[in-house]
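The values are calculated or read from the model by the stated rules, or taken from the named source; none is laboratory data. Nothing here was measured: the structure is a model prediction, and the numbers come from that model. Reconstructed Cβ throughout: ideal geometry from the backbone, glycine too, with neighbour counts over all protein chains shown. These accessible areas exclude ligands, DNA and RNA; they are computed on the full protein's heavy atoms, side chains included. Shrake-Rupley method; radii C 1.70, N 1.55, O 1.52, S 1.80 Å.
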Amino acid sequence: MNAPLASGRPRAAEAAIAALSSELSQRFGDRVATSATVREQHGHTLTWVKNQPPDLVVYARTTEEVSEIVKLCSGNDVPVIAFGTGTSLEGHINAPYGGVSIDLSLMKRIIAVHEEDLDCVVEAGVTRKELNESLRDKGLFFPIDPGADASIGGMVATRASGTNAVRYGTMKDVVLALTVVLPNGEIVKTASRAKKSSAGYDLTRLMIGSEGTLGIITEITLKLNGIPEAISAGICPFPSVKAACDAVIMTIQSGIPVARIELLDEVQVRAVNLHSKLTLPESPLLLLEFHGTDTGVQEQAERFGEIAVEFEGGPFEWATKPEERSRLWQARHDAYWAAKGLRPGAQSVATDVCVPISRLAECVDETKRDILESGLIAPIVGHVGDGNFHVQPLVNTDDPAEIAACEAFVDRLVRRAVAMEGTCTGEHGVGQKKMKYLELEHGPAALGLMRVLKQAIDPHNIMNPGKIVAL
């Protein structure tokens, strides 16, 4: 299991690409793109990972078309990379060995909504906002909300999360079943719509978070929730990030069913104020939201207010109108772009870690000191209700010393989190940049088992090669 494995794979041969391009063009016409601009867009990454564009881009409309494309790629030994909206942060959609990017953005059908069962079936290209728009009139909503308007397929592939995760869980908690195209082009349904099952291996969970390295997800069956009777949101400043995190820890340990509890350090608050034209107090800040009945929401808020006072937090101010709440949470979701405005022209290096909630204050506090000692501009923002936080250094990539300082900082951040029994990534995923930390986190035996699974399902290493595990 742990025997040395060959590194990578050969780049797709020019002759194979030419033959494949001809076959795909005959079958899909103008839905095959070869222009440099389109190819670079499909190798785009929102962080400083080098752009590695595919050789071809094909826009698929159905699961059957994805299967056809994969079969052709398999027959020509050409890599396949799935593309949703291109909002990943760790180089997931790069094509280091060339190949074909299958763009799923045309797969927009909401196939079924089963209101009485609180679930729905959607194609991979549907985005989270599009899904919630279609569900609103039915009194339902899909709770997972990463900052970007990501595609549902991409969210499954990266095991995405978001601000609601503390109450509603992450993608692994809301996916009931998947339709997946395997590396040989075979179409597999991983499960049924039943809320639980003991029948066989859990293929659904195997595919969630696999980042396109085991197959291409084309349809998803999702759990839904009813829109709460009452929703209240508020902000609460604190004298330090440690005080804010300590308040979060006590809130969670006290059993208060908070729906959202987000941390912004003073640097991120300043960025949000400038970007979103807000006047939030520029100190470490918690953004909160409570869901439930009118009475329940009021009780939750009062209990949190008492906790905040214990850690010198306050005043606790409410956003009482729906439009105020929307503006507040949109500003939170725009935090990535807001942070970039603090240093125009600098490259963003967004990264995340997650630790057990009891270690959160310690980890964030040490990270804050590390940032100051490193001389970096690096806002902190986090879904701290589940121990997950993000750091976004802004780096001058023309300065080798600054690049080295940032890389050393990220390395310390990851090792700090893993040493606290946490993970190198809570929701961004592994992609290319976090591969080197998997053995540190999981150990050689577990990493070896991941390689065995990859080789068994994708023996020719055509599915998004160069991601998660090296072969």
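Anything in the stretch 369-421 that is among the aliphatic types (A, V, I, L, M), open to solvent by 20 Å² or more (accessible area, probe 1.4 Å) and within 26 Å of GLU439 (Cα to Cα)? List them, or say none. Walk me through it before giving the result.
Restricting attention to the stretch 369-421, the residues satisfying the condition of being among the aliphatic types (A, V, I, L, M) are 371-372, 376-378, 380-381, 384, 391, 394-395, 401, 403-405, 408, 410, 413-414, 417-420.
Now drop any that are not open to solvent by 20 Å² or more (accessible area, probe 1.4 Å), which leaves 372, 376-377, 401, 403-405, 408, 410, 418-419.
Of everything in the stretch 369-421, those that are among the aliphatic types (A, V, I, L, M), open to solvent by 20 Å² or more (accessible area, probe 1.4 Å) and within 26 Å of GLU439 (Cα to Cα) turn out to be ILE403, ALA404, ALA405, ALA408, VAL410, VAL418, ALA419.
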Residues satisfying the stated conditions in the stretch 192-229, i.e. farther than 19 Å from GLY154 by Cα and free of Cβ contacts under 8 Å to residues at least 60 places away in the same chain
SER192, ALA194, LYS195, LYS196, SER197, SER198, ALA199, GLY200, TYR201, ASP202
Subset of the stretch 395-452 [within 14 Å of ASP370 (Cβ to Cβ) and among the acidic types (Asp, Glu)]:
GLU407, ASP411
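With the requirement that a residue be of a type in the set (A, V, I, L, M) and under 23 Å from the mean Cα position of the chain (by Cα), what does the stretch 236-251 give you?
Looking only at the stretch 236-251, we keep the residues that are of a type in the set (A, V, I, L, M), and these are 241, 243-244, 247-250.
Matches in the stretch 236-251: VAL248 only.
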The stretch 201-229, subset open to solvent by 10 Å² or more (accessible area, probe 1.4 Å) and part of a strand (DSSP E or B), residue nearest to GLY466 (Cα to Cα)
ILE217
Out of the strands (runs of 3 or more DSSP E) lying entirely within the stretch 18-123, which hold 3 or more residues that are buried (at least 20 other Cβ atoms within 10 Å of the Cβ) and modelled with pLDDT of 95 or more?
56-59, 80-83, 100-103, 119-123
Residue count, the stretch 154-168, condition more than 22 Å from ALA331 (Cα to Cα) and open to solvent by 10 Å² or more (accessible area, probe 1.4 Å), comes to 4
Hits in the stretch 27-72 - residues which are under 30 Å from CYS406 (Cβ atoms) and touching a residue at least 60 places away in the same chain (Cβ under 8 Å):
ARG39, HIS42, LEU46, THR47, TRP48, VAL49
Is one or more of the residues making up the stretch 267-284 modelled with pLDDT of 95 or more, open to solvent by 10 Å² or more (accessible area, probe 1.4 Å) and part of a strand (DSSP E or B)?
no
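Give the stretch 231-252 a look and list any residue that's of a type in the set (A, V, I, L, M), over 30 Å from VAL121 (Cβ atoms) and either open to solvent by 10 Å² or more (accessible area, probe 1.4 Å) or outside any strand (DSSP E or B) (or both), or say none. Can you show your working first?
We begin by selecting, within the stretch 231-252, every residue of a type in the set (A, V, I, L, M); these are 231, 233, 235, 241, 243-244, 247-250, 252.
Next cut, over 30 Å from VAL121 (Cβ atoms) only: 233, 235, 241, 243-244, 247-250, 252.
Result: ILE235, VAL241, ALA243, ALA244, ALA247, VAL248, ILE249, MET250, ILE252.
Please work out which residue is nearest to GLY375 (Cα to Cα), limiting yourself to the stretch 340-356 and to residues that are aliphatic (A, V, I, L, M) and in contact with a Phe, Trp or Tyr (Cβ under 9 Å, 6 or more places away or on another chain). Spell out the reasoning first.
Narrowing the stretch 340-356 to residues aliphatic (A, V, I, L, M): 342, 346, 349-350, 353, 355.
Pick out the ones that are also in contact with a Phe, Trp or Tyr (Cβ under 9 Å, 6 or more places away or on another chain) and you get 349-350, 353, 355.
Values: VAL349: 15, ALA350: 17, VAL353: 21, VAL355: 24 Å.
Per the criteria, the residue is VAL349.
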Six or more apart or on different chains, Cβ atoms under 8 Å: show the pairs whose first residue is in the stretch 433-447 and surrounded by fewer than 16 Cβ atoms within 10 Å (Cβ to Cβ) and whose second is assigned to a helix (DSSP H, G or I).
GLU439/LEU447; LEU440/VAL414; LEU440/ARG415; LEU440/VAL418
Restricting the stretch 358-368 to residues that are over 16 Å from GLN268 (Cα atoms) and open to solvent by less than 40 Å² (accessible area, probe 1.4 Å), the one farthest from the chain's Cα centre (by Cα) turns out to be ALA361
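Quick check: anything in the stretch 365-380 within 22 Å of ARG412 (Cβ to Cβ) and part of a strand (DSSP E or B)?
Initial filter on the stretch 365-380 (within 22 Å of ARG412 (Cβ to Cβ)): 365-380.
Within this subset, residues satisfying the condition of being part of a strand (DSSP E or B) are 380.
Yes - at least one qualifying residue is present in the stretch 365-380.
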